[in-house]
Amino acid sequence: SDGMNAQDLGKILHREPAEIVKKLFMLGVMVNQNQSLDKDTIEILAADYGIGAEEKIEENISDIDTLYDQEMENTEHLENRPPVVTIMGHVDHGKTTLLDHLRHSHITAGEAGGITQAIGAYQVRHSDNVITFLDTPGHAAFTEMRARGANVTDITILVVAADDGVMPQTIEAINHAKAAGTPIIVAVNKVDKPDANPAHVTEQLAEYGLIPEDWGGDTIFVNISAKFGENIDELLDMIVLQSEMMELKANPDQAAVGSVIEARLDQGKGSVATLLVQQGTMHVGDPIVVGHTFGRVRTMTNERGRDLKKATPSTPVEITGLNEVPEAGDHFVVFPDEKSARAAGEARAKEAQMEERRKTNHVTLDNLFDSL
Ligand code: GDP
Ligand code: MG
């Protein structure tokens, strides 16, 4: 064919064609060295090597975190959005059982078959409402995300087993939720067990300021059995109630911004990232900068493996098309046009290159041991 291929690009960029093919693979483009490439792909690849954007970009454009913060504070065209919920609690108290129950129930008839892939987040429908669950019950993931400035959770569900009561990780979870400023809904689990003592759990939690309404407090408590699916609808009712009180809103009429829930390198698809859209609407084809990575939204699917053309606020999506694998907690920003995305991406790539150079030129015991 007559287009430019990996060999031609390798010559121009003074790189081995194999390296070009590998970079293309990261972008989800599977080609051999002789296959011709489309213009978008060449541009993104070139930008990855710090080539291509003619215009210098303003300082703040390259700072994704600043842009993210600005866009998150946007108060125009606000509309209701679904709550984003994280489930936390002590080991073996039933977090996974609850997440699995929700994953397999509470889907509409058209979605029979349920969730086909673990993408780190999913949505369930409850009456006319949608609720987004983060499927990362590890406290470590939660703190890591927060440490990176990604406050993606609106509501924390604290799962406490009624036969075991408050345990160390229960307290840890309370502290995380308080530090993140998210309201807590207490799900007293395993109430089906003969030795269940929900009243004791309530007494214990009062010490941590979690007091139910009928005791004069303002914390919602729901007794559930995750294993037998008991009272789950009531729990979902309470999540909806809590979220309505919070008046969660976002502007769907702008370019999307949000956070990375998780990301990985896939054998077949290259760089794959689960993103939570927090503001705006994301479309296939959007030029995007994600942490230190960039590209175009090449494919966008939901947790059911279904292709989406657009994703509105609070929607988790799995995307391909990034030049590298971003990190959980990274922010992303969709750019209005490809040129500025490329410019920002290029600036980011240069930063990363310089960082890399600093590392290699500046050998310390620490980074020496790191590389062993
Ligand atoms: P996690 O560590 O918090 O994710 O806890 P799991 O969901 O893995 O549950 C730990 C154990 O408790 C498993 O054997 C579950 O089957 C069991 N379990 C979870 N929820 C319930 C429940 O509501 N009732 C009973 N009887 N067992 C439960
Ligand atoms: Mg678990």
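Brief remarks follow.
- Being of a type in the set (Gly, Ala, Ser) and modelled with pLDDT of 80 or more is a property that residue 36 has.
- For region 173-204, the set of residues classified as in a helix (DSSP H, G or I) and under 18 Å from residue 98 (Cβ atoms) consists of 173, 174, 176, 177, 198, 201, listed by residue number.
- Members of region 241-259 that are surrounded by 17 or more Cβ atoms within 10 Å (Cβ to Cβ) and in a helix (DSSP H, G or I): 242, 243
- In this structure, residue 173 does not qualify as closer than 26 Å to residue 275 by Cβ, away from ligand 2 (no atom under 16 Å from the Cβ) and buried (at least 20 other Cβ atoms within 10 Å of the Cβ).
- Leading residue by the ranking (modelled with the lowest pLDDT) among those in region 99-116 that are open to solvent by 20 Å² or more (accessible area, probe 1.4 Å), within 16 Å of ligand 1 (Cβ to nearest atom) and more than 16 Å from residue 318 (Cβ to Cβ): 105
- Of all residues in region 72-95 being part of a loop (DSSP other than H, G, I, E, B) and within 8 Å of ligand 1 (Cβ to nearest atom), the one that is farthest from residue 169 (Cα to Cα): 94
- Residues in region 117-137 that are at pLDDT below 75 and over 21 Å from residue 331 (Cβ atoms) were compared, and the one that is most open to solvent (accessible area, probe 1.4 Å) is 118.
- Pick from region 148-170, criterion in a loop (DSSP other than H, G, I, E, B) and among the hydrophobic types (A, V, I, L, M, F, W, C), ranking: most open to solvent (accessible area, probe 1.4 Å): 167
- So residue 179, is it touching a helix residue (DSSP H, G or I) at 6+ places or on another chain (Cβ under 9 Å) and open to solvent by less than 20 Å² (accessible area, probe 1.4 Å): no
- Restricting attention to region 67-98, the residues that are modelled with pLDDT under 90 and touching an Asp or Glu at 6+ places or on another chain (Cβ under 7 Å) add up to 0.
- Residue match in region 6-16 (condition: at pLDDT below 80, open to solvent by 30 Å² or more (accessible area, probe 1.4 Å) and part of a loop (DSSP other than H, G, I, E, B)): yes
- Check on residue 197, away from ligand 2 (no atom under 16 Å from the Cβ) and either modelled with pLDDT of 90 or more or within 30 Å of residue 333 (Cα to Cα) (or both): yes
- Cβ pairs under 9 Å, 6+ apart, first in region 1-28 and closer than 24 Å to residue 297 by Cα and free of Cβ contacts under 8 Å to residues at least 12 places away in the same chain, second of a type outside the set (A, V, I, L, M) and open to solvent by less than 50 Å² (accessible area, probe 1.4 Å): 19/10
- Screening residue 282 against (1) within 16 Å of ligand 1 (Cβ to nearest atom); (2) closer than 20 Å to residue 325 by Cβ leaves a single unmet condition, (1).
- Where a residue in region 214-229 is outside any loop (DSSP other than H, G, I, E, B) and its partner, wherever it lies, is among the hydroxyl-bearing types (Ser, Thr, Tyr) and away from ligand 2 (no atom under 16 Å from the Cβ), with Cβ under 7 Å and at least six apart: 221/202
- Taken as a whole, the structure places residue 304 among residues that are surrounded by 12 or more Cβ atoms within 10 Å (Cβ to Cβ) and either modelled with pLDDT under 90 or not charged (D, E, K, R) (or both).
The values are calculated or read from the model by the stated rules, or taken from the named source; none is laboratory data. Just so you know, these numbers come straight off a predicted model, no measurement behind them. Cβ coordinates were reconstructed from backbone atoms using ideal geometry, including for glycine residues, and neighbour counts include every protein chain displayed. SASA here: full protein model, heavy atoms, side chains in, ligands and nucleic acids out. Shrake-Rupley method; radii C 1.70, N 1.55, O 1.52, S 1.80 Å.
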